[in-house]
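Engineer: Got a structure for you, written out below as structure tokens; questions coming shortly.
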Amino acid sequence: MKVVILNGGKGTRLGLEGLPKPMVPVAGHPLLERLVSVAVRSGLTDFVFLNGHLAEVIEQHFGDGSRFGVRIDHVREGIPLGTAGAVRAARKLLTETFVVLYGDILIDVDLAHFAAAHRRSGAMVSLFVHPNDHPHDSDLVDAATDGRIRAFLPKPHPADAILPNLVSGALYVLEPTAIAHIPTAGASDWGHDVFPAMLAAGCHLHTYRSIEYAKDIGTPERLARGEGDLEAGRVERASRRRARAAIFMDRDGVLNTEINGVHRAAQLELTAGAGAAVRRVNRAGIPAICVTNQPDLAKGLMSIEDLGQVFAKLDTDLAMEGAYLDLLYFCPHHPEAGWAGEVAELKVRCDCRKPAPGMLLLAAEEHCIDLAASWMVGDRYADIQAAKAAGTKAVLVRTGHGGADRDRYDCEPDHVASDLPEAIGFILNAMQ
Ligand SMILES: [Mg+2]
Ligand SMILES: [Zn+2]
């Protein structure tokens, strides 16, 4: 699999003179060397460099790649072709599934794992996505709960919009068939031109949601932040080479008020202090993961589209407080029949409905979570039981059901807190 790197950036905002943007030194090494290392760690050693501004600097530094133990083809664009147009110019070199990276991002991503997920999805294009703390002024991706992309939501967004907090990380895996969707003349950009046109043509585009580190360093402030993250070990700690502790949170009665069935976005309301509590988790660099039973899908009381809107409202309300969930898992099942509009195929015994630990185990497997070092916050003993079955420590909160189902389970939480903010304070202290 080839790795295509877009090296056309001028780096004007970084004040670079005589250096193209991808050659900017980041904590002592040119960014582009770091990108090559990331690919090599993923087992990928075949590169296509799409060079533009000061192409000769990159060509001279890397040559054919042998000094770095890799193979590099250099393609020089005469006039700027945009992020997609530049890839089209190299189309003869791209006959199999390939990766595209922008030359101004600092990442530590397992590209082979990304590509494997891409192949399983059967999509033509997969986009690396993650939440951020300012989705209201970011270009966003709207995806169905199964990860299939439905729309691109470019900024600016209406002030009252309900926004899914998914931002594209300038990192894609593509099938060569995607190249046919790039305009043959003029400049074109993946995010603004080609991906929306592909969606309109019915192509399958998919999200790859990850908690690995991927941030652009295109301004002096972002560059300084990226260097700080590298030096503090935050970039490597977020990689798949390290198992990470996470904080799992139940949704209803913990993050949002329990009303015995949130079926519409407008019904969702955060519990007091939930936004600030999740923000503390985010700032500590710990993955915030929601794991929620949603049996009303199986009971036919809401549709999967309704649930997607409710999750987007949760994202939106958290974003108002500068907070976000890194990952969200839900169980759509319910074991007992007897509801008028129930959905037969969801009326099953599953291993994901809490008190079963399936959602925590899946998160751990997909994202290298160290369950023994992780914590769960829930308002039911079903949550505590799920945590214990996964080998995770647990805090019961007195909001929502407040542990009213105690008699049904033979387990105890490690701590009891009045609400989510108190629970998070306790956990962050215990994780030190
Ligand atoms: Mg609950
Ligand atoms: Zn389930």
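The values are calculated or read from the model by the stated rules, or taken from the named source; none is laboratory data. For clarity, every value in this text was computed on a predicted model and none was experimentally measured. Cβ: placed from backbone, ideal geometry, glycine included. Neighbour counts: every protein chain shown. In case anyone asks, the SASA skips ligands and DNA or RNA and just uses the protein heavy atoms, side chains included. Shrake-Rupley method; radii C 1.70, N 1.55, O 1.52, S 1.80 Å.
Engineer: Taking all protein chains as present, what is the carbon and sulfur share of the accessible area of the chain, in % to the nearest whole number, probe 1.4 Å?
Structural biologist: For the chain, the apolar C and S fraction of the accessible surface comes to 50 percent.
Engineer: On to the next question. Hey, could you get me the Stokes-Einstein D for segment 247-431, Kirkwood radius over alpha-carbon pairs, 25 °C and 0.890 mPa s, rounded to whole µm² s⁻¹?
Structural biologist: Roughly 150 µm²/s, to the nearest whole number.
Engineer: Pick out, in residue order, every one of the trypsin sites (Lys or Arg not before Pro) in segment 1-58 that is DSSP loop and has at most 16 other C-beta atoms within 10 Å; say none if there are none.
Structural biologist: Those satisfying the criteria are 10.
Engineer: Let me ask something else. In segment 123-263, what percentage of the DSSP-assigned beta bridges are antiparallel, given to the nearest 5?
Structural biologist: Antiparallel bridges: around 65 percent, rounded to the nearest 5.
Engineer: Counting DSSP beta bridges with both partners in the chain, what percentage is antiparallel, nearest 5?
Structural biologist: Once the DSSP bridges in the chain are tallied, antiparallel ones form about 35 percent.
Engineer: Give the share of C-alpha pairs in each 10 angstrom bin for segment 1-130, from 0 to the last occupied bin, in whole percents, shortest bins first.
Structural biologist: For segment 1-130, the pair-distance distribution reads 12, 45, 35, 8, 0.
Engineer: For segment 168-207 and segment 309-334, write down the distance between their C-alpha centroids in whole Å.
Structural biologist: Centre-to-centre distance over Cα atoms comes out at 27 Å.
Engineer: Identify all lysines with a Cα-Cα distance to residue 347 below 19 Å; exclude those on the same chain that are fewer than 8 residues away in sequence.
Structural biologist: Cross-link targets: 299.
Engineer: Oh, and also: With Cβ to Cβ distances under 11 Å as the rule, what net charge do the other residues near residue 195 carry (K, R +1; D, E -1)?
Structural biologist: -3
Engineer: Right, here's the next one. Which chymotrypsin sites (Phe, Trp or Tyr not before Pro) does segment 200-279 hold that lie in a coil by DSSP with at most 14 other beta carbons within 10 Å?
Structural biologist: Working: sites: 208, 213, 248; in loops: none.
Of the chymotrypsin sites (Phe, Trp or Tyr not before Pro), not one in the loops of segment 200-279 has a Cβ with at most 14 other Cβ atoms within 10 Å.
Engineer: While we're looking at this one, here's another question. Could you work out how much longer the chain between residue 59 and residue 301 gets when fully extended? Use 0.36 nm per residue separation minus the Cα distance between them, nm to one decimal.
Structural biologist: 81.1 nm
Engineer: Give me log10 I(q)/I(0) at q = 0.07, 0.09 Å⁻¹ for the chain, Debye formula, one equal scatterer per alpha-carbon, no solvent.
Structural biologist: Here the Debye-derived log intensity ratios amount to -0.37, -0.60.
Engineer: Something else about it: Between rounded, prolate and oblate, where does segment 293-358 land on the alpha carbon gyration tensor, with a ≥ b ≥ c its root eigenvalues, rounded for a/c under 1.5, else prolate if a/b exceeds b/c?
Structural biologist: oblate
Engineer: List every residue whose amide H lies under 5 Å from the amide H of residue 244, counting only residues 5 or more places away in sequence or on a different chain, with H placed 1.01 Å from N in the peptide plane.
Structural biologist: Amide H to amide H, under 5 Å and 5 or more residues apart or across chains, residue 244 pairs with 369, 370.
Engineer: Residues of the chain: accessible area per residue at 1.4 Å, in Å²?
Structural biologist: 42
Engineer: Quick one: compute the contact order of the chain, relative version, from alpha carbon pairs under 8 angstrom and 6+ residues apart, as a percent.
Structural biologist: Relative contact order comes out at 13 percent.
Engineer: Can you grab the distance from the C-alpha centre of segment 283-300 to the C-alpha centre of segment 349-406, Å, no decimals?
Structural biologist: Going from one Cα centre to the other spans 11 Å.
Engineer: Continuing with the same structure: Hey, what do the phi angles of segment 254-261 turn into as Karplus ³J(HN,Hα) couplings, whole Hz, using 6.51/-1.76/1.60 and θ = phi - 60°, x for Gly and Pro?
Structural biologist: Result, rounded to whole Hz: 10, 7, 10, 5, 6, 10, 6, x.
Engineer: Oh, and also: Where the only charges are on Cβ atoms (+1 Lys, Arg; -1 Asp, Glu), what is the dipole of the chain about its Cα centre, to the nearest 20 debye?
Structural biologist: The calculated dipole for the chain is roughly 760 debye.
Engineer: Given Cβ point charges of +1 (Lys, Arg) and -1 (Asp, Glu) and nothing else, what value in debye, to the nearest 20, does the dipole of segment 2-237 about its Cα centre take? Intermediate results must be reported in sequence, preceding the final value.
Structural biologist: Values: 23 positive and 28 negative charges, 89 e Å.
Using Cβ point charges on Lys, Arg, Asp and Glu, segment 2-237 gives about 420 debye.
Engineer: Using only the Cα atoms of segment 364-425, build the gyration tensor, take square roots of its eigenvalues as a ≥ b ≥ c, and label the shape rounded, prolate or oblate: rounded if a/c is under 1.5, else prolate if a/b is larger than b/c, else oblate.
Structural biologist: Oblate, since a/c reaches 1.5 and b/c is not below a/b.
Engineer: Still on this structure: Using the Karplus equation 6.51 cos²θ - 1.76 cosθ + 1.60 (θ = phi - 60°), what ³J(HN,Hα) coupling, rounded to whole Hz, does each residue of segment 291-300 give in order, writing x for Gly and Pro?
Structural biologist: Rounded to whole hertz, the list is 10, 9, 7, 10, x, 5, 5, 5, 6, x.
Engineer: Any number yet on Rg/Rh for segment 105-231, C-alpha, Kirkwood?
Structural biologist: On the way: Rg = 15.1 Å, Rh = 15.6 Å.
Reported Rg/Rh, Kirkwood definition of Rh: 0.97.
Engineer: Could you point to the residue in 87, 170, 6 farthest towards the positive end of segment 2-237's charge dipole, with +1 and -1 charges on the Cβ of Lys/Arg and Asp/Glu respectively?
Structural biologist: Working it through, the farthest residue towards the positive pole turns out to be 87.
Engineer: Beyond a 27 Å Cα-Cα separation, which of these cross-linked pairs lie in this structure: 313/388; 215/313; 215/354; 10/215?
Structural biologist: 313/388; 215/354
Engineer: Per-residue HN-Hα couplings for segment 108-117, Karplus 6.51 cos²θ - 1.76 cosθ + 1.60 at θ = phi - 60°, whole Hz, x for Gly and Pro?
Structural biologist: 9, 10, 7, 5, 5, 5, 4, 5, 5, 5
Engineer: Still on this structure, please answer the following. Rounded to the nearest 10 degrees, what's the angle between the helix 420-431 long axis and the longest principal axis of the chain, both from Cα atoms, 0 to 90?
Structural biologist: 60
Engineer: What do you get for trypsin sites (Lys or Arg not before Pro) in segment 186-254 restricted to DSSP loop and a cutoff of at most 13 other Cβ within 10 Å of the site's Cβ?
Structural biologist: Within segment 186-254, the qualifying trypsin sites (Lys or Arg not before Pro) (loop, at most 13 other Cβ atoms within 10 Å) are 241, 242.
Engineer: To continue, here is another question. Name the shape class, rounded, prolate or oblate, that the alpha-carbon gyration tensor gives for segment 2-237, where a ≥ b ≥ c are the square roots of its eigenvalues, rounded holds for a/c under 1.5, and otherwise prolate holds if a/b is larger than b/c and oblate otherwise.
Structural biologist: rounded
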